[in-house]
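Note sheet for the following structure.
The values are calculated or read from the model by the stated rules, or taken from the named source; none is laboratory data. Since the structure is predicted, the reported quantities are computational estimates derived from the model, not experimental observations. Virtual Cβ from ideal backbone geometry, glycine too; neighbours counted across all protein chains shown. Areas reflect the complete protein model, heavy atoms only, side chains present, ligands, DNA and RNA absent. Shrake-Rupley method; radii C 1.70, N 1.55, O 1.52, S 1.80 Å.
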Amino acid sequence: MENKIVLEHINKRLSDSKLEIEPWAHKFIDNIFPEEFYTEIINALPSNNFYKSRTEIGQKAKITNYNKERFVFILNAVNLKTLSKAQNIFWSSLATIIFNDSILKNVLNIFKETIEQRMKNLSETEKNKLGLKNYRIYKKAEIIKDFKKYHLGAHTDNFNKFITFLFYLPRDKSLENLGTSIYKNKIEIPLNEVAKHQSKEKTKNNFTKVKTCKFHPNSLLIFPRTNDSFHGVDEINIEAKERDLLLL
């Protein structure tokens with residue numbers, strides 16, 4: 001399928017879908033890719049041996065109590081060359097699509113108010129980490145595979161995150177309860193703790209689960225990162241089935 005057609009479809013779905021503002025700004029969108037293209041994505045997923053544990057390749061993951069059952073395949077030139085020729089071509093093409101500036105501009109407009117509020121009211125912690133001017137936005141994409149009894153406590157994402165896209169890539173709805181849950185904190189969480197993954201106990205005691213964005217095929221959860229954007233995976237994958245996502 002032509003990149004232009006896929007890109008136009010994504011931008012239309014982004015624009016047409018409803019903006020949710022409770023408990024924080026986000027959109028949960030179905031049919032984010034054309035159906036035919038989504039089938040191509042599923043068929044092009046790398047086999048398990050191409051993924052590496054997040055905690056093995058990232059020091060931050062160890063510090064923030066990241067679940068050891070999350071494995072990643074970073075979409076960069078080095079990794080793409082390890083795939084078959086057909087997979088390399090497909091995922092390189094998909095990266096070109098989701099990295100397109102028109103998607104960024106669209107999303108910046110959708111979440112303009114939330115983003116402006118964050119940038120006008122940066123905490124001292126954020127100022128120290130991000131600086132005060134000359135900001136640059138970098139785009140990074142990873143194919144995610146969660147194994148076994150995966151669980152992810154409430155967290156906001158790291159301070160240097162700007163916007164998070166979670167593309168769900170299941171083959172069917174059998175794992176729908178393992179979608180991303182959206183939380184509202186019951187108590188004030190210290191700023192140096194918001195980005196860390198809370199334990200299952202703390203998530204249950206200190207947060208209210210507002211809803212779960214069900215893990216349905218071809219859907220997207222997108223939100224700008226703030227100090228209130230608490231989310232996680234509430235249910236435990238008892239059946240130990242693989243959970244595939246594309247993270248941008």
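Test of understanding: among Ala86, Ala61, which residue is of a type outside the set (Ser, Thr, Tyr), in contact with a helix residue (DSSP H, G or I) (Cβ under 8 Å, 6 or more places away or on another chain) and modelled with pLDDT under 95?
Result: Ala61 is the single residue among Ala86, Ala61 that is of a type outside the set (Ser, Thr, Tyr), in contact with a helix residue (DSSP H, G or I) (Cβ under 8 Å, 6 or more places away or on another chain) and modelled with pLDDT under 95.
Any residue that is open to solvent by less than 10 Å² (accessible area, probe 1.4 Å), outside any strand (DSSP E or B) and either at pLDDT below 95 or β-branched (Val, Ile, Thr) (or both) - is there at least one of those in region 31-40?
So far as region 31-40 goes, yes, one or more of its residues are open to solvent by less than 10 Å² (accessible area, probe 1.4 Å), outside any strand (DSSP E or B) and either at pLDDT below 95 or β-branched (Val, Ile, Thr) (or both).
Filter region 157-188 down to the residues that are part of a strand (DSSP E or B), among the β-branched types (Val, Ile, Thr) and out of contact with any Asp or Glu (no Cβ under 7 Å at 6 or more places or on another chain) and list them by number.
Matches in region 157-188: Ile163, Thr180, Ile182.
Which members of region 104-154 meet the condition of being touching a strand residue (DSSP E or B) at 6+ places or on another chain (Cβ under 9 Å) and aliphatic (A, V, I, L, M)?
Once the filter is applied, which keeps residues that are touching a strand residue (DSSP E or B) at 6+ places or on another chain (Cβ under 9 Å) and aliphatic (A, V, I, L, M), region 104-154 yields Leu104, Val107, Leu108, Ile110, Ile115, Ile137, Ala141, Ile143, Ile144, Leu152, Ala154.
Given the conditions (1) open to solvent by less than 70 Å² (accessible area, probe 1.4 Å); (2) modelled with pLDDT under 95; (3) in contact with an Asp or Glu (Cβ under 6 Å, 6 or more places away or on another chain), which single one is not true for Asn237?
Going through the list (1) open to solvent by less than 70 Å² (accessible area, probe 1.4 Å); (2) modelled with pLDDT under 95; (3) in contact with an Asp or Glu (Cβ under 6 Å, 6 or more places away or on another chain), Asn237 breaks only (3).
Pick from Lys139, Lys173: which is closer than 20 Å to Phe73 by Cβ and open to solvent by 10 Å² or more (accessible area, probe 1.4 Å)?
Sole residue among the options that is closer than 20 Å to Phe73 by Cβ and open to solvent by 10 Å² or more (accessible area, probe 1.4 Å): Lys139.
Taking region 190-207 only, how many residues are free of Cβ contacts under 8 Å to residues at least 40 places away in the same chain and open to solvent by less than 70 Å² (accessible area, probe 1.4 Å)?
2
Just give me the residues in region 177-188 being over 21 Å from Leu221 (Cβ atoms) and either surrounded by 14 or more Cβ atoms within 10 Å (Cβ to Cβ) or among the hydrophobic types (A, V, I, L, M, F, W, C) (or both), in sequence order.
Ile187, the sole residue that qualifies.
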